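Student: Quick one: structure below, then a few questions.
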Amino acid sequence: MLQEMILYIRENLVTTALIAGGVLFFLLLVILIQVSRMKHEVHKICKKIRRYFEVVLDGIPETESEQDDALETVKVPVYQTAKRRQKEAEKQQTSEDAKLLMDVIQEVF
């Protein structure tokens, strides 16, 4: 059987080359499709990561003077009430950050 195959290949080199070229073309096409799908998925994940970092970084004042300004704008007569509001705002921001991060992680895995 093996000898017959070798004989056929020797006698029909053009046909064998065409078959090998077709198989190679098909494999390259499959690789191209997989790479383009992966590129699309990575692009979606990067968009979500950018959105996450925009939310996280926009919520943080850059310098101490901006932090002081942000604290001065909220004037509440009772100290504990202001402190509670600040803690609730931090918890809400943290929960939003956690939700965005979980979305990103779910997309990756």
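Student: Please give me the summed charge of the neighbours of E41: other residues whose Cβ is under 13 Å from its Cβ, Lys and Arg +1, Asp and Glu -1.
Tutor: +4
Student: With a 1.4 Å probe and every protein chain left in place, tell me how much accessible area L24 has, in Å² to the nearest 10.
Tutor: 100 Å²
Student: Calculate the spin-label point distance for F53 paired with M1, positioning each point 7 Å from the Cα along the beta-carbon direction, and give it in nanometres.
Tutor: A separation of 5.8 nm, rounded to one decimal place.
Student: In whole Å and largest first, what semi-axes does the C-alpha gyration tensor of region 1-52 yield when each eigenvalue is scaled by 5 and square-rooted?
Tutor: The equivalent ellipsoid of region 1-52 has semi-axes of 46, 9, 4 Å.
Student: I19: accessible area at probe 1.4 Å, nearest 10 Å²?
Tutor: Per-residue accessible area (I19): approximately 110 Å².
Student: Pulled fully out, how much extra length does the chain show between H43 and T94, if you take 0.36 nm times their separation in residues and subtract their Cα-Cα distance?
Tutor: Full extension of this stretch gives 15.8 nm more.
Student: Could you give the nm distance between label points at E107 and R10, where each point is 7 Å from its Cα heading toward the beta carbon?
Tutor: That separation, rounded to one decimal, is 5.9 nm.
Student: Straight-line reach from K87: which lysines have a Cα under 24 Å away, not including same-chain ones fewer than 8 places off?
Tutor: Within reach: K75, K99.
The values are calculated or read from the model by the stated rules, or taken from the named source; none is laboratory data. The model shown is predicted, which means the values in this text are computed figures rather than measured ones. We place every Cβ from the backbone using ideal geometry, glycine too, and count neighbours over all the protein chains shown. Side chains are part of the model used for accessible areas, which takes the heavy atoms of the whole protein and leaves out ligands, DNA and RNA. Shrake-Rupley method; radii C 1.70, N 1.55, O 1.52, S 1.80 Å.
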